[in-house]
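Inspection log for the structure reproduced underneath, given as structure tokens.
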Amino acid sequence: MGVATNNQKSKKHPLKLWISLAAFIVFIIIILLFLQPWRKINEVQVNTLQLSEQQVKKYANVEKHTPYWRVAGQTAFIAHHIIQQDKRIDAATVTLHNDQVIIDVVEKIKAGYVQKKGQWFVINRQGKLNKVGKPNGDAPTYSGFKSEKDIQIVGQQFVVLELTLRQNISQIIFSPNKDNHKRLEVVMNDGNMVYATLDTFGKKISFYPGIVAQMPKKGVIDLQFGAYSYAYSSQNNTPASKSKKSK
């Protein structure tokens, strides 16, 4: 009986060994299928406003021909690493789609500066105010606003404008009148003046470059209820092109 029992035990050990070996092989195959060490990244798309595409790729340490396994399952870590590399970055997301990596970067863009009771505040992309020494000329100054909510509305529209347009805006003045209780006066660095409405400021001022290109002289662009432009010396308003008015 003792010999038979020992033989049965000796037969069970190889069986367990083969089961363990098979499980290990399956595990390795699954890992290989997931990581695919032979696979490479074919394209890296970077969506950013001011930071260069190459700089963001450097932060992410991801380029074309980067091994696929270095990105698969690591997108959250890569996004966190990008944010840590540059104080100008507010948020980042990394998406892996087949052999393409998409990196979306949200930068800490200043919406402007506003002075309240002698204290200057910088306006962030969410429209929130934070104390600052004084403006340094990298964003427009706001004046005439009675409500922080109105500042927030304008600020959130400003930060999504094209960089060249943002850089051309010097001052944003809240100046309501009897015809428009939400009127804005926007002083441009190129010498023009824009009249706009608080709620539609961002949408309407995006037409500014096209309208200015048709103006023979410096003047006023009125975007409150339509799209008109006229020279400072002119008494008669000249309608902007129909394509601008229709928008």
Inter-site label distance for Asn47 and Gln167 at 7 Å from Cα along Cβ, in nm: 2.4
Nearest-0.05 FRET efficiency for Asn98 and Glu63, computed from C-beta distance (R0 22 Å): 0.85
Provide the gained length on full extension for the span Phe77 to Ile19, in nm with one decimal, where the gain is 0.36 nm per separating residue minus the Cα-Cα distance. 17.3 nm
Among [x] 30.1, 119; [y] 21.5, 66; [z] 20.3, 65, which is the computed Rg and Dmax of the Cα atoms in Å? [x]
What does the charge count around Tyr113 come to, taking other residues whose C-beta lies under 12 Å from its C-beta (Lys +1, Arg +1, Asp -1, Glu -1)? +3
Fully extended contour minus Cα-Cα distance, from Ile30 to Lys218, at 0.36 nm per residue: 60.9 nm
Spin-label pair Arg70/Ser143, simplified geometry with 7 Å Cα→Cβ offset, distance in nm: 5.3
Ile89 long-range amide H proximity, modeled H, under 5 Å: Lys108
Aspartates and glutamates near Lys40 by alpha-carbon distance under 12 Å, same-chain residues fewer than 8 away left out - which ones? Glu63, Asp99
Could you work out the longest stretch of the chain that avoids the chymotrypsin sites (Phe, Trp or Tyr not before Pro) located in DSSP loops with at most 11 other Cβ atoms within 10 Å? 39-231
Efficiency of FRET between Glu107 and Lys178 - r from beta-carbon atoms, R0 25 angstrom, step 0.05: 0.05
Among Ile41, Pro140, Thr197, which residue has its Cα furthest toward the positive end of the charge dipole of the chain, with +1 on Lys/Arg Cβ and -1 on Asp/Glu Cβ? Ile41
Set the bar at 26 Å for Cα to Cα. Now go through Lys57/Lys203; Lys110/Lys146; Lys149/Lys218 and name every pair that lies beyond it. Lys57/Lys203; Lys149/Lys218
If the cut-off is 12 Å between C-alpha atoms, which aspartates and glutamates fall inside it for Lys58, apart from same-chain ones fewer than 8 positions away? Asp86
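Laboratory data are not the source of any read-out in this text; all were calculated from the coordinates shown. Remember, it's a predicted structure, so these values are computed and weren't measured experimentally. No Cβ is skipped: glycine too gets one built from the backbone with ideal geometry, and neighbour counts run over all protein chains shown.
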